[in-house]
1. Just need a number here: residues in the range 241-289 that are without any contact (Cβ under 8 Å) to a residue 12 or more places away in the chain and assigned to a loop (DSSP other than H, G, I, E, B).
2. Specify the residue that is surrounded by the most Cβ atoms within 10 Å (Cβ to Cβ); the eligible residues are those in the range 64-88 that are among the polar types (S, T, N, Q) and part of a loop (DSSP other than H, G, I, E, B).
3. Conditions: (1) closer than 23 Å to residue 169 by Cβ; (2) at pLDDT 95 or above; (3) aliphatic (A, V, I, L, M). Residue 373 meets all but one. Number of the miss?
4. Kindly indicate whether any position in the range 137-159 is under 30 Å from residue 21 (Cβ atoms), crowded, with 16+ Cβ neighbours inside 10 Å and at pLDDT below 95.
5. Which residues, counting only those in the range 101-123, are under 24 Å from residue 83 (Cβ atoms), assigned to a helix (DSSP H, G or I) and more than 19 Å from the chain's Cα centre (by Cα)?
6. Of all residues in the range 1-47, which are out of contact with any Ser or Thr (no Cβ under 6 Å at 6 or more places or on another chain), crowded, with 20+ Cβ neighbours inside 10 Å, in a loop (DSSP other than H, G, I, E, B) and at pLDDT below 95?
7. The conditions are (1) surrounded by fewer than 22 Cβ atoms within 10 Å (Cβ to Cβ); (2) more than 27 Å from residue 133 (Cβ to Cβ); (3) in contact with a helix residue (DSSP H, G or I) (Cβ under 9 Å, 6 or more places away or on another chain); (4) at pLDDT 95 or above, and residue 243 fails exactly one of them. Which is it?
8. Name the single residue that is farthest from residue 202 (Cα to Cα) among those in the range 131-166 being of a type outside the set (Gly, Ala, Ser) and out of contact with any helix residue (DSSP H, G or I) (no Cβ under 9 Å at 6 or more places or on another chain).
Amino acid sequence: MSGSTFGELFRVTNFGESHGPAIGCVIDGCPPGLALAEADIQPDLDRRRPGTSRHVTQRNEADAVEVVSGVFEGLTTGTPICLLIRNTDQRSKDYANLLDTFRPGHADYTYWRKYGHRDPRGGGRSSARLTAPMVAAGAVAKKWLRERHGTTFTGWMSALGEIAIPFEDAAQIALNAFFAPNAGIVPQLEAHMDALRKAGDSCGARIEVRASRMPAGLGEPLFDKLDADIAHAMMGINAVKGVEIGSGFGTVSERGSEHGDELTPEGFASNHAGGVLGGISTGQDLVVSLAIKPTSSIRLPRRSIDRAGQVTTVETHGRHDPCVGIRATPIAEAMLALVVMDHALRHRAQNGDVVHAVPAIAGSVAGSLPDSARG
């Protein structure tokens, strides 16, 4: 299957199926000399893994990562790094009724039309389970970027269905199942998910992700713009249907006198551009927002057809996330880190000798993150 490799110099090839023996990835292009062990990767996988609360799928996977190659005596060697995650809790019988039918809103139909044959078990290759290897690869990128540039990544949920989640405290993100930066709203989110699960329905979500302490100058003109590659990466995440950079669609109602971020010796006065101008990073925070659609696998009966084109009804049982956005925050962080990592290496290769007499200005004076979210 083509389309399974991401990146240019930091290349990640994703492999496996939801109900196969294992999933994983091969990272080619990681610089040598980076101290790396499973313990550097596992925390991000633990944040993404299923079965961590009653609000997500109860599939009980440890998602224990194994570093199979590319590391010797605790350091990356510069050769391909293979990361393996074994599947241990498949229940393929839950999908027997989907072999000849198609879930509305799911990739069942399009995979069948494209390949003429598909693996219906857990969605096969179209499963959100295949985001786990990308989270593992993102953890490697995060570590290199943090050590080399001081760059850090922060994500959170800003809306669950119709419930907006005001940002109050970054410390709360890690303390609840929703990655919500607001402790007071968690009971409302829990009640909303309990009602959805009881009704057999699902909802969407909005995820915000930021990269702070960004180096300036990353990105290429025209077709390899940093923001274009960010959008490409984020749209590659299962169920993402919209991506905004900076003010995003809000720019439609902004005036030029408002949107253009003024420059001062102390830094940019604002960050409507989301940290990217002309496709190249400004050194401000990268500001990205994702819209995630409702889960397609729901218990409510939906009209569909079978492989013979005959009318049928589909009811999906088994273990599914009523809102796939609940576990999307670490995935969005990982994909943003992979884009930044790839462009950092590309910039180093072509422009590593560029020197400026005037130092780069600081990031936004006002900042693009709430003060409590800054690392």
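The values are calculated or read from the model by the stated rules, or taken from the named source; none is laboratory data. This one's a predicted model, so the numbers in the text were calculated from it and none came from an experiment. Quick reminder, even Gly has a Cβ in these numbers, built from the backbone with ideal geometry, and neighbours come from all protein chains shown.
1. Count: 2.
2. Ranking the qualifying residues of the range 64-88, first place goes to 87.
3. It is condition (2) that residue 373 fails.
4. Scanning the range 137-159 turns up no residue that is under 30 Å from residue 21 (Cβ atoms), crowded, with 16+ Cβ neighbours inside 10 Å and at pLDDT below 95.
5. Result: 121, 122.
6. Selection gives 17 alone.
7. (2)
8. From the range 131-166, those of a type outside the set (Gly, Ala, Ser) are 131, 133-135, 140, 142-149, 151-154, 156-157, 160, 162-163, 165-166; that's our starting set.
In the following step, the residues that additionally are out of contact with any helix residue (DSSP H, G or I) (no Cβ under 9 Å at 6 or more places or on another chain) were identified as 133, 146-147.
On the way: 133: 25, 146: 36, 147: 40 Å.
Selected residue: 147.
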